[in-house]
Structure formats: structure tokens, C-alpha cells
Amino acid sequence: MQSDTGVENPYKLLPPVFNEMPQEMLEDMESEDDLAISEGGAATTAYARLQFDNFSPDKRNSIEASLLRYCELDTIAMMVIYQAWREWL
């Protein structure tokens, strides 16, 4: 999804990881965005599921890779904010 400025939200580009959830849980999700690790709540849920759910090694690797991509984006965002604040001061 692009904004009016033509800039895409990089979090919206992250792939979904919870598409194997039971239908009743999927119905509780508000949108397809909830199926991707694109915000802190989804990252926390994914991490908790890794701790307590049984996943195949492939699915576990997929969720771990998604968490790492999310964390990478968050780290980059923090660095951009830090650099902007540093320049302003």
C-alpha cells in the first residue's frame, strides 16, 4: 500500500506467517494485516506461539525468519529516528 507521497510502508511488505490458524481464530482477526508480523502485538504473539505451540521445523524457521525481518525493520526505524534527532540537536 502506497501513501500519497508514493512511499510504501515496509511493514506491510512482510509476508504472512499465521495462515495455518484455525478458521475461528482467523475470524477474530480484523484484517489480513493481522496475519503478518507487521507490528509489536503480532511479534509478541508469534514469539509466544514459538514458545508454546508445536510447529514443523519448516514453519518454525519461517516464523523465526519473519520475526528477524520485523526486528530488523524496527532497528532501522530506531536508527533513522536517532539520526534525525541528532541532526536537529
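The values are calculated or read from the model by the stated rules, or taken from the named source; none is laboratory data. Predicted model, so just to flag it, every value in this text is computed and none were measured. Because the Cβ atoms are built from the backbone with ideal geometry, glycine has one as well, and the counts that use them run over all protein chains shown. The protein model used for the area step is the full one, side chains on, heavy atoms only, and it has no ligands, DNA or RNA in it. Shrake-Rupley method; radii C 1.70, N 1.55, O 1.52, S 1.80 Å.
Descriptive notes on the structure:
Conditions (1) in a helix (DSSP H, G or I); (2) without any contact (Cβ under 8 Å) to a residue 60 or more places away in the chain; (3) touching a Lys or Arg at 6+ places or on another chain (Cβ under 9 Å); (4) not charged (D, E, K, R), marked per residue:
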residue: R49; (1), (2), (3), (4): yes, yes, no, no
residue: N61; (1), (2), (3), (4): yes, yes, no, yes
residue: L73; (1), (2), (3), (4): yes, no, no, yes
residue: V80; (1), (2), (3), (4): yes, yes, no, yes
residue: A84; (1), (2), (3), (4): yes, yes, no, yes
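- Out of A36, A42, one residue alone is touching a strand residue (DSSP E or B) at 6+ places or on another chain (Cβ under 6 Å) and either open to solvent by less than 40 Å² (accessible area, probe 1.4 Å) or at pLDDT below 70 (or both). It is A36.
- Count of residues meeting criterion [open to solvent by 80 Å² or more (accessible area, probe 1.4 Å), closer than 17 Å to P10 by Cβ and of a type in the set (A, V, I, L, M)] in the stretch 58-89: 6
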